[in-house]
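Please read the structure below before turning to the comments.
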Amino acid sequence: MSNTISKKITSNLKFVYSENNTVSIIFSKNEDLLGVAGEFNNNIKELEKITDTSIYSRGNSIILKNNQKKNEIIKNAISFLYDQYIINGSIEKKDIISSISEFMIDEKINSKENINYIIKTPKKSVIPRSEKQKIYVKALRESDVVISSGPAGTGKTFLAVAVALTMLLDKKIERIILSRPAVEAGERLGFLPGDMREKVDPYLRPLYDSLYDLLDFEKIQKKIEVGDIEIAPLAFMRGRTLKNSFAILDEAQNATDTQIKMFLTRIGENSKIVINGDPSQIDLPNKNSSGLERSKTILGHLHEISIVDFDHKDVVRHPLVSKIVKAYSAKKNND
């Protein structure tokens, strides 16, 4: 990470505490305040709506007038959004949602420390948004094999694709391979219309979406055409040896023991393999045949392999997603 970005983040904001539970967040540059507040103060209004708080913009400051706990939540959120604006030059709605997630409220993320975990891609800088995500990014960079499991929205696939793309662009690897089991189609792919690519593309679409979010469409298409990026169903991996590659198996909860073993044993020289899945979303006819959890048990003792388990606290989509995941988990544990 460049010293320029580090300097900008660490020299950031000034906080002034006054009587009557008032906190002033003072920006050194008015344009930074405008960037954080958004056009017509839309970002501030969204924060107010989500947190049921009062936030004011005055001069080069944002003023908070709530109880102490809510002021701390908003202060942390504003700091998070400021860093996001400095790094990426823009703030998206999902950033606002993430800024008030539980891990921000508990202050588990130190923005200065977090610089080391930022993933720089051509379209945006990706920032890990929970402690588990930081552990995951570290594992993606340092381990030969990473197995992660957890609910939707925890960034398993997106972060893995982001790290893989940076390694490809930095010429640390020669190829990215993205794969998913086309379990919904089963043995019925032949009955679907179109050629093989048209048959399986619907199952691989989330992998394309992650790529397009990180690099221009035309550049992704070019890399797919020349073979720098390959997207294929899991069945196409059999019999291959992957050298100088970063291979990701997504939706691995729908892969059997045999399939996961097959994918793992494709690893070759200067390669990484990542296996991701959500044990709560198994679509196999026999749910007990899923190999994801079993692979963690069998391989967890190998020091070359990192195991990362996400939970509802790591969900970075809408806050309601985290509550939904937590509710279903509680129901399952009570059954």
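We did not get these values from a lab; they are worked out from the coordinates using the rules stated. From a predicted model like this one, the values you see are computed outputs, not experimental measurements. Cβ coordinates were reconstructed from backbone atoms using ideal geometry, including for glycine residues, and neighbour counts include every protein chain displayed.
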Once residue 216 and residue 236 are pulled to full extension, the length gained, defined as 0.36 nm per residue separation minus their Cα-Cα distance, is 4.5 nm
Can you sort 301, 312 by how many other beta carbons sit within 10 Å, fewest first? 301, 312
Taking N as the number of residues in the range 20-90, what value does Rg over Cα atoms divided by 2.2 N^0.38 Å take? 1.01
With r as the distance between the Cβ atoms of residue 280 and residue 30 and R0 = 35 Å, compute the FRET efficiency 1/(1 + (r/R0)^6) and round to 0.05. 0.15
Please go through the residue pairs 272/326; 45/94; 132/243; 29/65 and name each one whose alpha carbons sit more than 24 Å apart in this structure. 272/326; 132/243
Could you state the principal axis extents of the C-alpha atoms in the range 119-334, from the largest down, to the nearest angstrom? 51, 42, 35
Gain upon complete extension [residue 142, residue 50; 0.36 nm per residue less C-alpha separation]: 29.4 nm
In whole angstrom, how long is each semi-axis of the equivalent ellipsoid of the range 257-330, when you take the square root of 5 times every eigenvalue of its Cα gyration tensor and sort them from largest down? 27, 16, 11
Considering the zone a paramagnetic label at residue 330 would reach in this model (a point 7 Å from Cα along the Cα-to-Cβ line), which residues of the range 143-176 have amide N under 18 Å from it? 151
Below 17 Å, Cα to Cα, which lysines can residue 287 reach? Residues fewer than 8 away in the same chain don't count. 296, 332
Can you give me the distance in nm between label points at residue 174 and residue 58, each placed 7 Å from the Cα along the Cα-to-Cβ direction? 6.4
Using alpha-carbon positions, what is the distance between the centroids of the range 237-309 and the range 144-184, in Å? 12
Can you pull out the chymotrypsin sites (Phe, Trp or Tyr not before Pro) in the range 210-318 whose DSSP state is coil and whose Cβ has at most 11 other Cβ atoms within 10 Å? none
